[in-house]
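No lab work stands behind these numbers, since they all come straight from the coordinates. If you're wondering where the values come from, they're calculated on a predicted model, not measured in any experiment. Cβ coordinates were reconstructed from backbone atoms using ideal geometry, including for glycine residues, and neighbour counts include every protein chain displayed.
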Amino acid sequence: MKIKAGVIGATGYAGAELCRLLSQHPEAELSAISSVSFEGKKLSDIYPSYYGLCDLVLGKAEDVIAKSDVVFAALPHGLSQETAKQCLDAGKVFIDLGADFRLERAEDYEQWYQNTFLYPELHEQAVYGLPELFRDEIRGKRLIANPGCYTTAVPLALVPALRAGLIEKDGILADCKSGVTGAGRKMTQDTHYPELNEAMHAYKVAGHRHTPEIEQTLRRVCGEEVKVVFTPHLLPVNRGILATCYAKAKPGVTLDKLRRVYEEAYENETFVHLLPPGREADIHNVRMSNFCEVSLHLDTRTGTFIAVSALDNMVKGAAGQAIQNMNLACGLSETEGLLMWPPAF
């Protein structure tokens, strides 16, 4: 019997991508979808490319919970905690694509999101859903915090070197670029076409909310506090995250040594492609896929290690990774429904 999967917040970009991927999943069926803004309309009314493919009518969140075994919430931060409680009380699996369960420390959530843990016991149950790093913790769990795009790209670029002690923990820089879908579906001045086209700019400099989440993941893998200077930029493209990460290599560390560590870390990871020497990670090569490219570089003149990762922010950075987590939580093959190739052009 197929898993019944429902999506709350199905008309946002991440929610719509979930619907696209779940509709093609061999072991799951899209059971119900909801939207506050478009209740009563068909999803294909909002996204015409889904006409004849996904004509489900958008209902209420409580209907999604009642009709689903697994509930995905693609909601702004601050809106998932009550829904999570309802799902767990009803015996459902809840996968949150928002930020409400990502941070382990209540004080971090209060500082960066100006919100509180409504149900501390739920936060104690929540697991962080970055499978390549925390796979064993995710299996069989019912409350999963799905990481976002930057918070997936930066750790996948840095963790093997950091965990092996080959780079310094101080002075790490993450210079990242995102496609405009990362800003969400709601129009803002920055995402207005005349402002975005033929332009690129940094935003939320020295204060982006993903900073503590990135640091939390790096802290977990190395057992010590890690501070990161993280600066995001907006690209005039629809999809993609490019994370160029800089760290000081420890004395005597060579690129060959770094490569061996990454080869060992990722040799059995279906969704992480470690590129051969001389190639650079590129968002074009991962578009519409759940893959993440990683390329490694060493500036011997300055002793700086440079790791570059590229992923699709709507797939590996959102909906695809959420389905990867569903597969783990429900005892399916982790790659089920996610092996689509990126288009060549």
Please tell me the relative contact order of the range 150-312 in percent, rounded to the nearest whole number, where contacts are Cα pairs under 8 Å and at least six residues apart.
30
In nm, spacing of pseudo-spin labels at Ala183 and Glu168 (7 Å Cα→C-beta vector):
3.6
3J(HN,Hα) from dihedral phi, the range 186-193, Karplus parametrisation 6.51/-1.76/1.60, rounded to Hz, x for glycine, proline:
6, 5, 10, 4, 5, 9, 5, 3
222 nm mean residue ellipticity, helices alone, for the chain (DSSP H n ≥ 4; -39,500 (n - 2.57); rounded to 500)
-8500 deg cm²/dmol
Looking at Tyr119, Ser35, Ser295, which one has the Cα that reaches farthest to the positive end of the dipole of the chain (charges on Cβ: Lys, Arg +1; Asp, Glu -1)?
Ser295
Assertion target for Asp175, Asp89, ordered by fewest C-beta neighbours within 10 angstrom first, is Asp89, Asp175
Taking 7 Å along the Cα-to-C-beta vector as the label spot, tell me the Asp89-His201 distance in nanometres, rounded to one decimal.
4.5
Counting other Cβ atoms within 10 Å, which trypsin sites (Lys or Arg not before Pro) in the range 169-258 have at most 14 and lie in a DSSP loop?
Arg185, Lys186, Lys204, Lys227
Simple spin-label estimate for Lys250 and Ala344 in nanometres, 7 Å along Cα-Cβ
4.4
Residue exposure sequence - Cys222, Cys149 - by fewest surrounding Cβ within 10 Å:
Cys222, Cys149
In a Gaussian network model of the chain with springs linking alpha carbons closer than 10 Å, the residue among Pro236, Pro147, Pro160 that fluctuates most is Pro236
Using a ≥ b ≥ c from the Cα gyration tensor of the chain (square roots of the eigenvalues), is it rounded, prolate or oblate, where a/c under 1.5 gives rounded and otherwise the larger of a/b and b/c decides, a/b for prolate?
prolate
Residue by residue through the range 205-214, the couplings from Karplus 6.51 cos²θ - 1.76 cosθ + 1.60 with θ = phi - 60°, in Hz, x for Gly and Pro, are 5, 6, x, 6, 5, 7, 4, x, 6, 4
